[in-house]
Amino acid sequence: MTDVAAAAGVSHQTVSRVLNGSELVRDETRARVLAAITELGYRRNNAARLLATNKSHRIGMISAYLVLHGPGMIAVSVQDAGHKAGYDVSLVAVDDFSVQSLREAVDRLLDEAVEAIVVAVAHREALKQVRSLDVPVPMIVVQGVSEGQRMAVGIDQEAGARLAVEHLLDLGHRHVAHVAGPLEWVEAGQRRAGWQRAHEHRHVLPGPEVFGDWSPGSGYEAGLRIAEDPDVTAVFVANDGMAMGLVYALHEKGRDVPGEISVVGFDNVPEAPYLWPALTTVNQEFSLLGRRAVELTLRALAGEADPSTQLIRPTLVLRNSTAAPRH
């Protein structure tokens with residue numbers, strides 16, 4: 001940094017201000033400093049900065065099942081929002097949910113001197129274990145979150161499911177079937193609750209229920225079973241992956257979508273508009289979730305005790321896989 005200051009003809013403090021994005025530097029001075037940084041190939045020494053400030057400007061993140069759309073997008077959104085806020089994000093993926101594996105993930109992040117940890121694990125047992133850990137930095141949960149929960153930010157899964165089912169009921173369907181995700185996942189239970197409560201609100205009984213494991217294969221197996229039930233005219237599927245498999249099975253069994261059976265998914269994966277028919281689905285604003293998670297983290301780092309925020313309400317994306325039932 002001293003070399004950069006000498007090359008630009010400014011003080012060490014001015015270089016520091018430029019690196020930290022201060023507005024107290026004139027544009028021409030900033031340009032001179034940036035040119036010197038480029039010419040000299042300067043890179044900030046994070047270890048030295050940590051020693052000088054006792055701040056790493058690094059957030060840790062623990063995640064799981066990154067091959068699935070939701071967890072993968074949450075990880076990307078938190079990393080992107082963290083970088084825009086001036087923080088590096090260290091990601092640790094866990095495969096099992098023992099107290100030991102989670103403790104090891106936390107210890108690994110603490111060894112990197114993270115200032116806070118974001119936890120994106122929606123597995124019911126894992127969340128219990130996370131809450132039992134004694135961690136010396138703020139810990140923010142971003143999956144499996146309920147309204148009003150402190151130190152947490154999430155998407156309202158139940159509200160999203162109700163949007164999906166109410167759309168089908170508004171079209172004239174009754175007793176909407178459900179392909180649920182594995183109930184050890186908190187969010188699968190929340191989506192299932194939304195399916196049930198949408199029916200309760202209309203004073204009608206829900207349709208049959210089949211359980212899957214989030215995969216298209218389990219959706220296909222569910223579709224084979226649902227295709228044999230002549231009373232089913234609509235299905236709410238707990239994620240788009242299973243919905244893809246279900247629609248394939250229905251086509252294979254000669255059940256037209258949406259002519260005979262309407263289908264709504266959940267997630268709005270990039271492939272959803274390009275299926276045949278294009279899939280009606282619930283969209284989750286993962287980029288907003290990432291920003292909210294980082295904002296909440298910064299509030300905690302600023303000294304706010306147990307900050308909270310409202311759940312993000314998802315939206316329904318209408319496409320061609322839903323229609324009014326034939327009478």
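Tell me, what ³J(HN,Hα) does each residue in the stretch 178-187 have, in order and in whole Hz, if you take phi through Karplus 6.51 cos²θ - 1.76 cosθ + 1.60 with θ = phi - 60° and put x for Gly and Pro?
Ordered by residue, 3J(HN,Hα) equals 9, 9, 8, x, x, 6, 6, 8, 4, 5 Hz.
Could you compute how much accessible surface residue 257 exposes when probed at 1.4 Å, giving the result in Å² to the nearest 10?
10
I want the antiparallel fraction of DSSP beta bridges within the chain, as a percent rounded to 5.
10
Among 28, 295, 304, which one shows the highest mean-square fluctuation when the chain is modelled as a Gaussian network with alpha-carbon springs under 10 Å?
With Cα springs under 10 Å in the chain, the top fluctuation among 28, 295, 304 is at 28.
Under the Karplus relation 6.51 cos²θ - 1.76 cosθ + 1.60, θ = phi - 60°, what is the ordered set of whole-Hz ³J(HN,Hα) values for the stretch 101-117, x standing for Gly and Pro?
5, 5, 5, 5, 5, 4, 4, 4, 6, 5, 5, 8, 6, 5, 8, 7, 10
Accessible surface of residue 114 in the full protein assembly, 1.4 angstrom probe, to the nearest 10 Å²?
Roughly 10 Å² of residue 114 is accessible to a 1.4 Å probe.
Can you tell me what the convex hull of the Cα atoms of the stretch 105-225 projects to on average, as an area in nm²?
9.2
Long-range amide H contacts for residue 266: which residues qualify at under 5 Å (H placed 1.01 Å from N, peptide plane, sequence gap of 5 or more or a different chain)?
Those qualifying (amide H under 5 Å, at least 5 residues apart or on another chain) are 239, 240, 282.
Per the Kirkwood formula on distinct C-alpha pairs, the Rh of the stretch 1-154 is how many angstrom?
17.7
Count charges around residue 299 for me, please; just the other residues with Cβ under 15 Å from its Cβ, Lys/Arg as +1, Asp/Glu as -1.
Net charge around residue 299: -1.
When the solvent-accessible surface of protein heavy atoms is calculated with a 1.4 angstrom probe, in what order do 88, 240 fall, highest first?
Greatest to least solvent exposure: 88, 240.
Keeping all protein chains in place and using 1.4 angstrom, which order do 111, 170 fall into by accessible surface area, from largest down? Working shown, then result.
Numbers: 111 130, 170 110 Å².
Largest to smallest exposure gives the sequence 111, 170.
Once you've got the GNM for the chain with C-alpha springs shorter than 10 Å, pick whichever of 57, 178, 201 has the biggest mean-square fluctuation.
201
With Rg/Rh (Cα atoms, Kirkwood Rh) as the read-out, I listed (i) 0.96; (ii) 1.11; (iii) 0.99; which label goes with the value calculated from this structure?
(ii)
Binning at 5 Å from 0, report for the stretch 252-312 what percent of all alpha-carbon pair distances ends up in each bin.
Reading the bins upward from 0: 4, 14, 17, 13, 12, 8, 9, 8, 7, 4, 3, 1, 0.
Which residue fluctuates most in the GNM of the chain (Cα springs below 10 Å): 306, 156, 27?
Greatest mean-square fluctuation among the candidates belongs to 27.
Can you give the calculated 222 nm mean residue ellipticity of the chain, where each DSSP H run of n ≥ 4 adds -39,500 (n - 2.57) and the sum is split over every residue, rounded to the nearest 500 deg cm²/dmol?
-14000 deg cm²/dmol
Residue by residue through the stretch 128-133, what is 3J(HN,Hα) from phi via Karplus (6.51 cos²θ - 1.76 cosθ + 1.60, θ = phi - 60°)? Round to whole Hz and write x for glycine and proline.
4, 5, 4, 5, 7, 6
So what are the stretch 196-289's ellipsoid semi-axes, whole angstrom, largest first, if each one is the square root of 5 times an eigenvalue of the alpha-carbon gyration tensor?
For the stretch 196-289, the ellipsoid semi-axes come out as 20, 18, 12 Å.
Which whole-number percentage describes the relative contact order of the stretch 1-159, with Cα contacts under 8 Å and a sequence gap of 6 or more?
Computed value for the stretch 1-159: 17 percent relative contact order.
Taking amide H positions as placed 1.01 Å from N in the peptide plane, with prolines and chain starts having none, which residues 5 or more places from residue 312, or on another chain, fall under 5 Å of its amide H?
154, 155, 156
Quote the accessible area belonging to residue 11 in square angstrom, nearest 10, computed with a 1.4 Å probe and with ligands, DNA and RNA left uncounted.
Approximately 50 Å² of residue 11 is accessible to the 1.4 Å probe.
For 162, 197, 131, give the ranking by accessible area with the largest first, probe 1.4 Å.
On the way: 162 70, 197 105, 131 135 Å².
In descending accessible area the options line up as 131, 197, 162.
The values are calculated or read from the model by the stated rules, or taken from the named source; none is laboratory data. Quantities reported herein were computed from a predicted structural model and do not represent experimental measurements. No Cβ is skipped: glycine too gets one built from the backbone with ideal geometry, and neighbour counts run over all protein chains shown. Heads up: the accessible areas ignore ligands, DNA and RNA and are worked out on the full protein's heavy atoms, side chains in. Shrake-Rupley method; radii C 1.70, N 1.55, O 1.52, S 1.80 Å.
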